[in-house]
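Trainee: Submitted below is the structure of interest, expressed as structure tokens.
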Amino acid sequence: MSALLAMANLTGGYGDADILQDVSLEVAGDEIVVIVGPNGAGKSTAMKSVFGLLTIRGGRIEFDGDDITGWAPNRIVQRGICYVPQVDNIFREMSIHENLEMGGFLKKGDLSAAYDRIYTLFPDLKERRKVLAGALSGGQRQMVAMGRALMLDPKLLLLDEPTAGLSPKYMEQIFQICRDVRDTGVAILLVEQHAKQALAFADRGYVLAAGRNRHEGSGAGLLADREVAEMFLGG
Amino acid sequence: MEFLGLVNYALFTAIFIGIYALLALGLNIQWGFAGLFNAGIAGFFAVGAYTSAILSTPPDDGRIGGFDLHFVLGWIGAMLAAALVAWPIGKICLRFRSDYLAIASIGVAEIIRLVIKSEAALTNGARGISGISRPMGDIGYMESQIAYLVIVLAVLIAAYVLVERQFNAPWGRMMRAIRDNEGAAEAMGKDVEFRRLEAFIFGAALMGLGGALFAHFNRSITPEAIDPMVATFLVWIMLILGGSGNNRGAILGAAVVWIIWSVSEIATDRLPPEYAIQAKYIRLFLIGLMLQLVLRFRPEGLLPEPLRGDRGEDRRTSKSGADRE
Amino acid sequence: MDLELFELLNFYVIPGIVLGSIYALGAVGITLIFAILRYAHLAHGDLATLGAFVALACVTGFGISPLAALPIAILVTAAVAVGIDKVFYEHLRERPKIVTVMASLGIALMLRSVVQVVWGVDTQTYARGIVRPEDYFGLRIRDRELYTVAAMILLVGGLQLFLTRSKWGKAMRAMSDNPNLALLSGIDNKKVVILTWIIAGGLCAASGFFLGLNTELKSLMGWNMLLPMFAAAILGGVGRVEGAVLGGLIVGIAEELSVLWIPSEYKAAMAFAILLFMLLVRPTGLLKGKVL
């Protein structure tokens, strides 16, 4: 079965320096894949490369049959990948509903089906849809951020540290939402700092260190792996 | 044009180049070194001109002043006055983004202009102050111009040497460090706000001196003597074209732009009178256009900022990855 | 006591509201450009001058009434604004913003020169003759003053509707709010910029037009409004359209009232004083805008 997303031997960075060296990973159409690793491992960078935010100097990225290496973010959004940045991921001065509306900006025609989908996933948001996003709590803001990204009904959702700064209760909620999203047929690739919890709920995982692949496997498998545990105890 | 006339014109032009070069040097300290956008140059110029006039002319009915001091004291007073005006403005506006400083400086120049026009007791209002003595003014026409040119050049060279020394000294390096990466400089413990204020005040003092030099050359100063926005703009394009961050560039830019400005005036003077008035505004339009072209095609200017172990490009006007202040 | 109140209203407050409406029209454009393009547009005043004179050209050239010339002036100025951005500002977008501010100072000079070359430096008016104010229960208001305030309310009201109800209006707000995220959401930055200039240019034309209608047309008319427009925008809170209107009205009324205690030559200093005061005390403005 060919993967939905396949990154092969990717090398690249932001300016002149290469952060990623020969990184490969795959995401199938119905799984949650998490990238973990110590600080500075290049986890976020790897994910951003999928969304066209990196200067790529080697390797390729394939998505749903297309070679998307070097595509601009705009084009990638239209192709079916949506991205939730770690910070500054909502329009603070706009209401929840307006945030969603902006998420669906590229969609031609009626957005009501899209709104329904999002509000079904996040019933909390529906009640408060006229509230300004900036006035919400951290967990709710994260939901708005994800909702915005899901408006275009992407095939793949990229999440950059979605649980950063959240309490354990919200963390669990976000992970549950990820499972719900996956169950609607959206693949998820996420970067996580809370490696243990992330590996527990993800289907598969990749461990990066210093911009390179180090380990990969199922979530449970990686959790049980001694070497992986050592890396995190040390870093 | 007969030969003598030509020589006199050349002297006249050289003197103006000298005065504008001084203004451009002052702007270079503010913008070139410290990254401060001062759009109120004419205001400091006027403060200097009037201060020197008030200090060095004999008593006159209806206005204060008339201390009849030696012109050198007048010029020093001019610098002090300009510095004193710059200080509160700097204290209030420098901590904000350059945009806000630009607007505030436009406002300052406007207020100064209003004060000059309205406070007859201080400045004689629209009539202005005349009878300002020109040093060596009593000898023959051309000789007097030559003498004044020598004085202007002496002042300019002194200013240049001073500023250039500061530029190469630790002070200059620190200014540029602050300009280019304020956060890092602050982290290193440099008192950013104070340094910027310093630069702003020094630059203003030079502009005031330029004003004084002008007033004594002209032997009078009126509110209409210079068109404030034209003068301010001319100095800006002189610095940008010459090369901001470069003292020689400031002087070169003054020469180039002033010559273009004067020559274009001669050229348009030959047009029939109906076009004469429009001609001035066509020239202004072209100067404005020249700035756009320089900013687009040669933002570092004719003489780019000299390398001092950093990359040679003009960091404030050329492409930058990060969105910089 | 009654007489004094009406004197205050008729000679100071009403002219202040009219002037304030004129400032508001300009200030809204300035605040939009601050919010979306993130720099101070120093050519804004002279863009208003252009608008006023284009209307004059229509009045003298086609013989139409000034009010009929207004829509034409708005369209032309909007087009000129977009054109200026395309030709002069677009290339500077990768550079630090202050460079564009510098360029805009040059554009201001160029716009002013064009007006001076084409229309000369003499003072002009849309219509000759003294206009007597009508009496409305003791308030003396001229028709043109009513038009000015009405136009401001209509234009800014229309803009607010656009910003809150239409997709592209919201896109503008999104770009002002979080430009990166707007890009990630697929909002076309270029189109938003063009839209911004159309709106700013059009409002500028109205501002200049009504200034000319209520006073007279001079080549420096717009430049003289620059400081009050900026004071108004900063007073209201950068990025806040309602703030720009509020700021404009306050600056206008303050300016007119100021002659009661400072010499009238210093009227123009009022705006500057307000600007400095706000920067010192509350740079986010009354309605909590951005601090750039």
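Trainee: Expected output is a single nm value to one decimal: the length gained when fully extending between residue C:67 and residue C:160, i.e. 0.36 nm times separation in residues minus the C-alpha distance. What is it?
Mentor: Computed gain between residue C:67 and residue C:160 is 31.2 nm.
Trainee: Give the residues of the stretch A:49-71 whose amide nitrogen is closer than 18 Å to a point set 7 Å from the Cα of residue A:8 in the direction of its Cβ.
Mentor: A:50, A:56-71
Trainee: Assuming R0 = 22 Å, can you tell me the calculated FRET efficiency for the pair residue A:183 and residue A:218, based on Cβ-Cβ distance, to the nearest 0.05?
Mentor: 0.75
Trainee: Compute the Kirkwood hydrodynamic radius of the stretch A:72-115, taking the inverse of the mean of 1/r over all pairs of distinct Cα atoms, and give it in Å to one decimal.
Mentor: 11.7
Trainee: For chain C, what relative contact order do you get, as a whole percent, if you take Cα pairs closer than 8 Å and at least 6 residues apart?
Mentor: 36
Trainee: For the stretch B:256-295, state which trypsin sites (Lys or Arg not before Pro) are in a DSSP loop and have at most 12 other beta carbons lying within 10 Å of their beta carbon.
Mentor: B:270
Trainee: With charges only on Cβ, +1 for K and R and -1 for D and E, what is the dipole size of the stretch B:3-297 about its Cα centre, in debye, rounded to 20?
Mentor: Using only the charged Cβ atoms, the result is roughly 580 debye.
Trainee: Total Lys pairs in chain A closer than 27 Å by alpha-carbon, pairs eight or more apart in sequence or interchain only?
Mentor: Counting lysine pairs in chain A gives 18.
Trainee: Say we join alpha carbon atoms closer than 10 Å with springs in a Gaussian network model of chain C; which of C:27, C:40, C:73 then has the biggest fluctuation?
Mentor: So, out of C:27, C:40, C:73, the one fluctuating most is C:40.
Trainee: Okay, next question. What order do you get for C:98-104, B:142-148 when each peptide is scored by the mean count of other beta carbon atoms within 10 Å, highest first?
Mentor: For the peptides C:98-104, B:142-148, the packing ranking is C:98-104, B:142-148.
Trainee: Quick check for me: using +1 on Lys/Arg Cβ and -1 on Asp/Glu Cβ, what's the dipole size of the protein assembly as shown about its Cα centre, in debye to the nearest 20?
Mentor: It comes to approximately 380 debye.
Trainee: Is there a simple number for the mean count of other chain Cβ atoms within 10 Å of the Cβ of residues in C:113-120, and what is it?
Mentor: 5
Trainee: A further question follows. Could you pull out every residue, at least 5 positions away or on a different chain, whose amide H is within less than 5 Å of the one on residue A:209? Hs are placed 1.01 Å off N in the peptide plane, and Pro or chain starts have none.
Mentor: A:214
Trainee: Roughly speaking, what is the centre-to-centre gap between the stretch A:175-235 and the stretch B:58-124 when only Cα atoms are used, to the nearest Å?
Mentor: Computed from Cα coordinates, the inter-centre distance equals 67 Å.
Trainee: Could you compute the net charge surrounding residue B:262? Neighbours are other residues with a C-beta less than 11 Å from the C-beta of residue B:262; K and R count +1, D and E count -1.
Mentor: Once all neighbours under 11 Å are counted, the net charge is -1.
Trainee: What list of ³J(HN,Hα) couplings, whole Hz, do you get for the stretch C:132-149 from phi and the Karplus terms 6.51, -1.76, 1.60, once you set θ to phi - 60° and write x for glycine and proline?
Mentor: Calculated HN-Hα couplings, in order: 8, x, 8, 9, 10, 6, x, 8, 9, 10, 8, 3, 4, 6, 4, 4, 4, 5 Hz.
Trainee: Using the basic label-point model (7 angstrom from Cα toward the beta carbon), what is the residue B:302 to residue B:95 distance in nanometres?
Mentor: 4.1
Trainee: Right, another one. Quick one: 3J(HN,Hα) in Hz for the stretch C:267-273, Karplus 6.51/-1.76/1.60 with θ = phi - 60°, rounded, Gly and Pro as x.
Mentor: 3, 5, 6, 4, 4, 5, 4
Trainee: Here's something else I'd like to know. What distance in nm separates the two pseudo spin-label positions at residue C:167 and residue C:189, each 7 Å out from Cα along the beta-carbon direction?
Mentor: Between residue C:167 and residue C:189, the simple spin-label model gives 2.2 nm.
Trainee: Separate question: Under 15 Å from the 7 Å Cα→Cβ point of residue B:70, by amide nitrogen: which residues of the stretch B:118-158?
Mentor: B:135-136, by backbone N distance to the label point.
Trainee: With point charges of +1 on the Cβ of Lys and Arg and -1 on the Cβ of Asp and Glu, referenced to the Cα centre of the protein assembly as shown, which listed residue (A:50, B:299, C:286) lies farthest in the positive direction of the dipole?
Mentor: Checking the options against the dipole of the protein assembly as shown, the answer is A:50.
Trainee: Then there's this: Given only helices, namely DSSP H runs of n ≥ 4 each adding -39500 (n - 2.57), what is the per-residue ellipticity at 222 nm of the protein assembly as shown, to the nearest 500 deg cm²/dmol?
Mentor: The per-residue figure over the protein assembly as shown is -20000 deg cm²/dmol.
Trainee: Ordered by packing density, taken as the mean number of other Cβ atoms within 10 Å over each peptide's residues, highest first, how do B:22-29, B:225-232 rank?
Mentor: Sorting B:22-29, B:225-232 by mean packing, highest first, produces B:22-29, B:225-232.
Trainee: I've got another one for you. Check each of the trypsin sites (Lys or Arg not before Pro) in the stretch C:194-292 and keep only those in coil by DSSP with at most 16 other C-beta atoms within 10 angstrom; list them in order.
Mentor: Those satisfying the criteria are C:288.
Trainee: Going by how many other Cβ atoms sit within 10 Å of their own, how do B:213, C:183, C:37, B:162 line up, fewest first?
Mentor: Ranked by crowding around the Cβ, least crowded first: B:162, C:183, C:37, B:213.
Trainee: In whole Å, largest first, what are the principal axis extents of the Cα atoms in the stretch B:3-297?
Mentor: 58, 45, 33
Trainee: Additional query: Enter the Cα centre distance for the pair the stretch A:50-84 and the stretch C:188-221, rounded to the nearest angstrom.
Mentor: The two parts, judged by their Cα centres, are 41 Å apart.
Trainee: Of the residues B:39, B:159, B:212, which exhibits the maximal mean-square fluctuation in a Gaussian network model of chain B defined by a 10 Å Cα contact cut-off?
Mentor: B:159
Trainee: Averaged over its residues, how many other protein chain Cβ atoms are within 10 Å of peptide C:181-193's Cβ atoms?
Mentor: Taking all residues of C:181-193 together, the mean is 6.
Trainee: Something else about it: What average number of partner chain Cβ atoms lie no more than 10 Å from the Cβ of the residues making up B:90-100?
Mentor: Per-residue shielding by partner chains comes out at 5.
Trainee: If the label point is 7 Å along Cα→Cβ of residue A:132, which residues in the stretch C:239-272 have backbone nitrogen under 13 Å from it?
Mentor: Once the point is set 7 Å along Cα→Cβ of residue A:132, C:239-243 turn out to lie under 13 Å by backbone N, inside the stretch C:239-272.
Trainee: Quick one: Karplus J couplings for the stretch A:197-212, per residue in order, coefficients 6.51, -1.76, 1.60, θ = phi - 60°, nearest Hz, x for Gly and Pro?
Mentor: Karplus-based 3J(HN,Hα) across the stretch A:197-212 equals 5, 5, 5, 5, 9, 7, 6, 9, x, 10, 10, 10, 8, 6, x, 10 Hz.
Trainee: Show me, bin by bin at 5 Å from 0, the whole-percent P(r) of the stretch A:90-153 based on Cα pairs.
Mentor: Taking every Cα pair in the stretch A:90-153, the percentages come to 4, 22, 36, 24, 11, 2, 0.
Trainee: Given contacts defined as C-alpha pairs under 8 Å and at least six residues apart, what's the relative contact order of chain B, whole-number percent?
Mentor: 29
Trainee: What's the longest uninterrupted piece of chain C once you rule out the GluC sites (Glu not before Pro) that are loop residues per DSSP with at most 16 other Cβ within 10 Å?
Mentor: Longest site-free region, per DSSP loop and neighbour criteria: C:95-215.
Trainee: Past 22 Å, Cα to Cα, is the threshold; run C:97/C:290; C:86/C:290; C:97/C:170; B:117/B:280 against it and keep the listed order.
Mentor: The pairs that break the limit, which is 22 Å between Cα atoms, are C:86/C:290; C:97/C:170; B:117/B:280.
Trainee: With a cut-off of at most 10 other beta carbons within 10 Å, and DSSP calling the residue loop, which chymotrypsin sites (Phe, Trp or Tyr not before Pro) in the stretch C:109-169 qualify? Please list them.
Mentor: Sparse-neighbourhood loop chymotrypsin sites (Phe, Trp or Tyr not before Pro): C:137.
Trainee: Tell me, rounded to the nearest percent, the portion of alpha carbon pairs in the protein assembly as shown spaced more than 49 Å apart.
Mentor: Here the tail beyond 49 Å accounts for 31 percent of pairs.
Trainee: Looking at the protein assembly as shown only, what percent of DSSP beta bridges run antiparallel? Nearest 5 please.
Mentor: 65
Trainee: OK, next. Among C:120, B:163, C:217, which residue has its Cα furthest toward the positive end of the charge dipole of the protein assembly as shown, with +1 on Lys/Arg Cβ and -1 on Asp/Glu Cβ?
Mentor: Value: B:163.
Trainee: Let me ask another. Across all directions of projection, what mean area in square nanometres is found for the Cα convex hull of chain C?
Mentor: Averaging across all directions leaves 16.1 nm² for the Cα convex hull.
Each reported figure results from applying straightforward, stated rules to the coordinates on display, with no laboratory input. Being a predicted model, the structure only gives us computed values, none of them experimental. Cβ: placed from backbone, ideal geometry, glycine included. Neighbour counts: every protein chain shown.
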